[in-house]
1. Got a sec? Which helices (runs of 4 or more DSSP H) wholly within region 1-98 have at least 3 residues that are touching a helix residue (DSSP H, G or I) at 6+ places or on another chain (Cβ under 7 Å)?
2. Scanning region 6-20 for residues that are of a type in the set (A, V, I, L, M, F, W, C) and surrounded by fewer than 21 Cβ atoms within 10 Å (Cβ to Cβ), which turns out nearest to residue 53 (Cα to Cα)?
3. Residue check: is residue 38 modelled with pLDDT of 95 or more and buried (at least 20 other Cβ atoms within 10 Å of the Cβ)?
4. Anything in region 11-57 that is of a type in the set (Asp, Glu) and within 13 Å of the chain's Cα centre (by Cα)? List them, or say none.
5. I'd like to know if region 68-77 contains one or more residues that are more than 15 Å from residue 93 (Cα to Cα) and surrounded by 14 or more Cβ atoms within 10 Å (Cβ to Cβ).
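The values are calculated or read from the model by the stated rules, or taken from the named source; none is laboratory data. What you see is a predicted model, and the numbers here were worked out from it, not measured in a lab. Every residue, glycine among them, receives a Cβ derived from its backbone with ideal geometry; neighbour counts consider all protein chains shown.
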Amino acid sequence: MDGVAVTRVTGEVDIGTCDLVRTELINQLTERPAGLIADLSDVTFVGSIGIAMLVTVSGEAKQEDLNFTVAADCRPVLRLLHVAGAVGFLALFPTLPEALAAVRPAPA
C-alpha cells in the first residue's frame, strides 16, 4: 500500500488483547513505513486501556515523525473514542481508504 503499514484489528481491544495490538503497531513503527494505520473497521469495542494505547502509539509515531491514523466506523467504538476525548489526540477516519489518503506522502 505504497509503503503504508496497515494493522487490521478485529473483535475487542481490551485488557486481554491490548498488548498484542500495541506490540504489532510498535513493530510496524520500527520498520519506518511511510505511514501507519490502525484499521479498527472490524472492532466492536475499545476499552479504556485500548484507547490509552492508541494515544500512546500516536505519540510515539509523532516522535518518529511518522503519520499514524485510525480507521474506525463502528458507532459504539467511535462513541467511546469521543467520550474519552481521544479524538483530540488521534487522526481518525471513517474508512481505510480515507486513512490511507491521509497518511500517504504528498507527491514530489
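1. Counting at least 3 such residues, we get 18-30, 48-63.
2. 18
3. Yes: the conditions hold for residue 38.
4. Those that are of a type in the set (Asp, Glu) and within 13 Å of the chain's Cα centre (by Cα): 24, 39, 42.
5. The answer is no; no qualifying residue exists.
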